[in-house]
Amino acid sequence: MTDETRRQWSPLAQAYLESPTHARGEDLDTMLAFADPIAHEIALDLGCGVGHTLRRVATRVRLAVGVDPTPGMLEGARTLLARESVTNAVLVTSPAEALPFLESTFDIATCRLAAHHFADVAKAFREVHRVLRPGGRFVLSDNYAPDDEALDRFINTLEGTRDRTHVREHTIAGWRGLLEQSGFDVTDESRGTVHIETEPWLARSRTPEADARRAREMLRGAPKPTIDAFGIDERGFDLLKVVLRATR
Ligand SMILES: C[S@@+](CC[C@H](N)C(=O)[O-])C[C@H]1O[C@@H](n2cnc3c(N)ncnc32)[C@H](O)[C@@H]1O
């Protein structure tokens, strides 16, 4: 957890509480189907932010633990959990790379739209492997980059211009490889796209105006193959989404 990450995320809780791409999304239903929770189980949600995934998982398990290093986001999660009358969730301030839990504590782990911000995602996935019990399920939902190198560079540069704490959207093979190298078997995959409206997307992360201008210029000046790959139009563009189910 860098100071930059904390500075970036702490004031953003309100915007993420209201963000339609975070509050809703087909990927949440897919994640729950992949996790297939049982009522007596214990779940961990990494990079829980203001708790959109945590609250959904909590309704299906005995206890749900949300972990995030940013106090401001956890404050937002407290608001959301209270509003939704969730009483079986616990919030812990911690980076995913150093989880303060014993081996084999959890039956399920989830991580949605957060791993592309992790400073050391391989270390975080090894930590998930450590704290999940044998046979436990890890469901990862995140953006992915196309296999084409120029398209990969485009989307990661665009995301990094919008948000300096962006680390990397991996290709699907990259996400799968990271899970496998951490000891998981990847058993299921589901792909989708979400159309993003550029201006609310920039406003949500409070991108400084000079960077916002560069991001708009990247979208306006994109070559035809990039326009086609990301469905770029005057209002926005598509983010490519993948949900992966892995077992320990
Ligand atoms: C887009 S939000 C997460 C959204 C949330 N999972 C949901 O379903 O709505 C990204 C979160 O990643 C968190 N984050 C950044 N670096 C992290 C790290 N190293 N470990 C865990 N979380 C991290 C940020 O604090 C932020 O709350």
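The values are calculated or read from the model by the stated rules, or taken from the named source; none is laboratory data. Predicted model, so just to flag it, every value in this text is computed and none were measured. Reconstructed Cβ throughout: ideal geometry from the backbone, glycine too, with neighbour counts over all protein chains shown.
Just a few scattered comments:
- Elements of the type helices (runs of 4 or more DSSP H) sitting completely within the stretch 1-46 and holding at least 1 residues that are at pLDDT 95 or above and surrounded by 12 or more Cβ atoms within 10 Å (Cβ to Cβ): these cover 26-35.
- Restricting attention to the stretch 23-59, the residues that are over 15 Å from Leu91 (Cβ atoms), of a type in the set (A, V, I, L, M, F, W, C) and in contact (Cβ under 8 Å) with a residue 12 or more places away in the chain add up to 8.
- In the set (1) within 12 Å of the ligand (Cβ to nearest atom); (2) closer than 22 Å to Leu32 by Cβ; (3) of a type outside the set (S, T, N, Q); (4) at pLDDT 95 or above, the condition left unmet by Met73 is number (4).
- Scanning the stretch 89-108 for residues that are within 14 Å of the ligand (Cβ to nearest atom) and in a loop (DSSP other than H, G, I, E, B), we see that the one that is surrounded by the most Cβ atoms within 10 Å (Cβ to Cβ) is Ala96.
- Any hit, the stretch 160-169, residues being under 18 Å from Gly231 (Cβ atoms), modelled with pLDDT of 95 or more and not polar (S, T, N, Q): yes
- Qualifying residues in the stretch 154-198 (those that are of a type in the set (Asp, Glu) and in a loop (DSSP other than H, G, I, E, B)) - the one nearest to Ala119 (Cα to Cα): Glu169
- Selected residue (only one of Arg56, Arg60, Arg78 is farther than 26 Å from Glu180 by Cα and assigned to a loop (DSSP other than H, G, I, E, B)): Arg60
- Scanning the stretch 112-128 for residues that are within 16 Å of Leu244 (Cα to Cα), of a type outside the set (Lys, Arg) and within 6 Å of the ligand (Cβ to nearest atom) turns up Leu113, Ala114.
- The listed residue being more than 9 Å from the ligand (Cβ to nearest atom), modelled with pLDDT of 95 or more, surrounded by 14 or more Cβ atoms within 10 Å (Cβ to Cβ) and within 27 Å of Ser190 (Cβ to Cβ), out of Val67, Val86: Val86
- Failed item in (1) of a type in the set (Lys, Arg); (2) free of Cβ contacts under 8 Å to residues at least 40 places away in the same chain; (3) touching a Lys or Arg at 6+ places or on another chain (Cβ under 9 Å), with Arg191 passing the rest: (2)
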